[in-house]
Amino acid sequence: MGGRVWNIEVIRSDEGIIFTTGWSEFFAHHSLNFGYFVVFEYRGNSTFFTSILDHSGCEVHMDAPIASSSSSEPLPSFQITMSARSCCHRCIYVPGTFARTHLPRFVNEVQIHDAAGRVWQIGLDRRGNGIVRRIARGWAVFYSTKNISPGDTCVFELINSDIPAFNVYTVAAGGRQLL
């Protein structure tokens, strides 16, 4: 994921293959939770490419920050590739590492700014400790209004962390486009 190489040792046991040294670091870095899927694609020579899918079936990326269009300074961001399953759901999960690092605890809403200058108030669901778990109430309306489709990758670029606000872009072969 993100081009990073992880060295993880494996051992064989009567129960199958077990990840040992290096797995806990990989697990923590990607904020894996119960219900996430890690897809391993064998590339030969004991090398695998991984994809991580969250509870809703969206692919989760924890890549390096993307430079803002209005500044040369990189802004914190995460991206999610929408799946057919996520189109049926009314929420998307925020990667745990991103939420813990960049979003205040016990916040109830986030703002999404679109290309037309409209500000969308979107409700958040939190874990018991106040950390943001997912973008929920209002996401389905934004999703359908902006014609987001399965296979689209959305980049959530944090433009304000005090009162959480994002620019949301779609990424395609031709670059990124503010929704």
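Filtered by the rule that a residue be within 17 Å of the chain's Cα centre (by Cα) and at pLDDT below 85, region 162-177 gives Y169, T170, V171, A172, R176. Can you name the residue in region 140-155 that is open to solvent by less than 20 Å² (accessible area, probe 1.4 Å) and either in contact with a Leu (Cβ under 6 Å, 6 or more places away or on another chain) or within 13 Å of D114 (Cβ to Cβ) (or both) and is also modelled with the highest pLDDT among such residues? Checking each candidate, the answer is F142. Of the residues I122, I135, the single one that is of a type in the set (V, I, T) and farther than 17 Å from D54 by Cα is I122. Tell me which residues, restricted to region 102-154, are in contact with a helix residue (DSSP H, G or I) (Cβ under 7 Å, 6 or more places away or on another chain) and part of a loop (DSSP other than H, G, I, E, B). Within region 102-154, I131, P150 meet the criteria. On the given criteria, is R133 open to solvent by 50 Å² or more (accessible area, probe 1.4 Å) and at pLDDT 85 or above? In short, yes.
Would you confirm whether any residue within region 28-41 is within 25 Å of T81 (Cα to Cα), hydrophobic (A, V, I, L, M, F, W, C) and assigned to a helix (DSSP H, G or I)?
Looking for residues that are within 25 Å of T81 (Cα to Cα), hydrophobic (A, V, I, L, M, F, W, C) and assigned to a helix (DSSP H, G or I), one finds at least one in region 28-41, hence yes.
Scanning region 159-179 turns up no residue that is of a type outside the set (D, E), under 20 Å from N33 (Cα atoms) and either open to solvent by 50 Å² or more (accessible area, probe 1.4 Å) or not in a loop (DSSP other than H, G, I, E, B) (or both). Please state which one of G22, G35, G16 is open to solvent by 20 Å² or more (accessible area, probe 1.4 Å) and either modelled with pLDDT of 85 or more or over 18 Å from the mean Cα position of the chain (by Cα) (or both). Among G22, G35, G16, only G16 is open to solvent by 20 Å² or more (accessible area, probe 1.4 Å) and either modelled with pLDDT of 85 or more or over 18 Å from the mean Cα position of the chain (by Cα) (or both).
On the given criteria, is D114 within 18 Å of I163 (Cβ to Cβ) and modelled with pLDDT under 90? Taking the combined requirement at face value, the residue satisfies it.
I'm checking my understanding of the structure. Among residues of region 47-98 that are assigned to a loop (DSSP other than H, G, I, E, B) and charged (D, E, K, R), which one is modelled with the lowest pLDDT?
This residue is D63.
The values are calculated or read from the model by the stated rules, or taken from the named source; none is laboratory data. No experiment lies behind these values; they were computed from the predicted model shown. A quick note on method: Cβ atoms are made from the backbone with ideal geometry, for glycine too, and the neighbour counts reach across all protein chains shown. Protein only, heavy atoms only, side chains kept; ligands, DNA and RNA dropped before computing areas. Shrake-Rupley method; radii C 1.70, N 1.55, O 1.52, S 1.80 Å.
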